[in-house]
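Here's the structure, in structure tokens; my notes come after.
Here, each number is a calculation from the coordinates, and none is a lab measurement. Fair warning: this is a prediction, and the values are worked out from it, not measured in the lab. Glycine also receives a Cβ, built like all others from the backbone with ideal geometry; neighbour counts cover every protein chain displayed.
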Amino acid sequence: MPELPEVETYARYFARHALQQRIARVRVLDERILGEQRKAAFTRGLTGKSFTRVRRHGKHLFADAGDVWLHLHFGMSGDLAYYRDEPPRFARVIFDFDNGAHLAFEDMRLFGVAELTRDPDVYILEHRLGPDPLDPNFRLANFRALLAGRRGAVKSLLMSQDVIAGIGNLYADETLFQTGIHPRRAADRLTPDEVKSVHRTMRTILKSVIERDGWPPHFLTAHREEGERCPQCGGTIARAVVFGRTTYFCKRHQR
DNA sequence: TTCCATGTTCCGCA
DNA sequence: TTGCGGAACATGGA
């Protein structure tokens with residue numbers, strides 16, 4: 001269930017459990033999760049090393065293993081599990097640590113990737129990832145600059161990882177719901193106040209889900225169904241497709 | 001059986 | 001150049 005807040009939660013989980021332990025063995029249970037990388041290179045690159053710290057940018061997680069970093073992308077169904085006994089059903093890669101515990105990268109649908117990369121900053125540049133919205137340096141002025149001259153639907157822009165890294169379908173809908181903006185509105189037709197509101201609200205939403213580790217009941221996300229009552233104004237929740245994704249919004253208060 | 005899914009990429013077309 | 005729609009990827013859950 002991985003958009004930015006979920007990946008942040010995974011990063012904290014990784015850091016809490018899997019740092020400073022020697023990796024005795026790397027097991028690749030399904031090579032399709034490795035993307036372009038070859039299994040032997042992946043395994044050799046991490047065996048005998050230790051993860052020393054983790055970093056997150058948008059939906060991407062990086063773990064420092066000394067001369068190389070592990071890069072994880074969670075696709076639609078990726079997750080982490082630190083365990084001692086039973087591996088999770090859809091484990092694709094398992095790190096066996098010297099202490100007898102294991103870290104599994106699981107991903108039922110296999111849209112995720114586990115691979116090695118030399119340097120997260122280079123990865124971010126090469127893959128043209130935009131700024132992380134929770135980076136303290138991501139200020140309103142940066143956001144205004146990113147939106148300038150973009151004519152597409154505001155939801156498309158929020159979800160474009162080269163504009164901002166980390167917002168997916170649910171958080172885009174939630175942000176627009178809470179700012180009262182219709183998902184198809186052209187980005188360059190937002191008023192300055194609306195841009196300011198999107199910037200602030202988006203960050204607040206991301207942080208609040210991280211802090212409480214779940215969705216508050218008055219958020220749209222708890223009511224993603226056509227015909228539902230809007231938890232904010234009592235209007236009707238509508239369903240549409242925007243940027244190729246199922247989109248829910250309130251017909252009454254999102255304009 | 002059918003539809004849907006918190007993601008990304010690639011292709012064709014306007 | 002920009003932006004959008006559609007398809008593909010793989011798999012299970014309702």
Report, by residue number, each residue of region A:134-148 that is part of a helix (DSSP H, G or I) and either within 22 Å of A:TYR123 (Cβ to Cβ) or in contact (Cβ under 8 Å) with a residue 40 or more places away in the chain (or both).
A:LEU140, A:ASN142, A:PHE143, A:ARG144, A:LEU146, A:LEU147
Could you list, in sequence order, all residues of region A:207-221 that are under 17 Å from A:THR175 (Cβ atoms) and either surrounded by 14 or more Cβ atoms within 10 Å (Cβ to Cβ) or in contact (Cβ under 8 Å) with a residue 24 or more places away in the chain (or both)?
A:LYS207, A:SER208, A:VAL209, A:ILE210, A:TRP215, A:PHE219, A:LEU220, A:THR221
Please go through region A:69-87 and pick out each residue that is crowded, with 16+ Cβ neighbours inside 10 Å and over 20 Å from the mean Cα position of the chain (by Cα).
none
Residue match in region A:215-227 (condition: within 13 Å of DNA strand C (Cβ to nearest atom), over 20 Å from A:VAL7 (Cβ atoms) and touching a helix residue (DSSP H, G or I) at 6+ places or on another chain (Cβ under 9 Å)):
no
Identify, please: which residue in region A:126-137 is more than 16 Å from A:VAL209 (Cβ to Cβ) and surrounded by 19 or more Cβ atoms within 10 Å (Cβ to Cβ) and is, among those, nearest to DNA strand C (Cβ to nearest atom)?
A:GLY130
Filter region A:226-252 for residues that are polar (S, T, N, Q) and surrounded by 16 or more Cβ atoms within 10 Å (Cβ to Cβ); which is farthest from A:PRO183 (Cα to Cα)?
A:GLN232
Hits in region A:188-213 - residues which are within 16 Å of DNA strand C (Cβ to nearest atom) and either among the charged types (D, E, K, R) or touching a strand residue (DSSP E or B) at 6+ places or on another chain (Cβ under 7 Å) (or both):
A:ASP188, A:ARG189
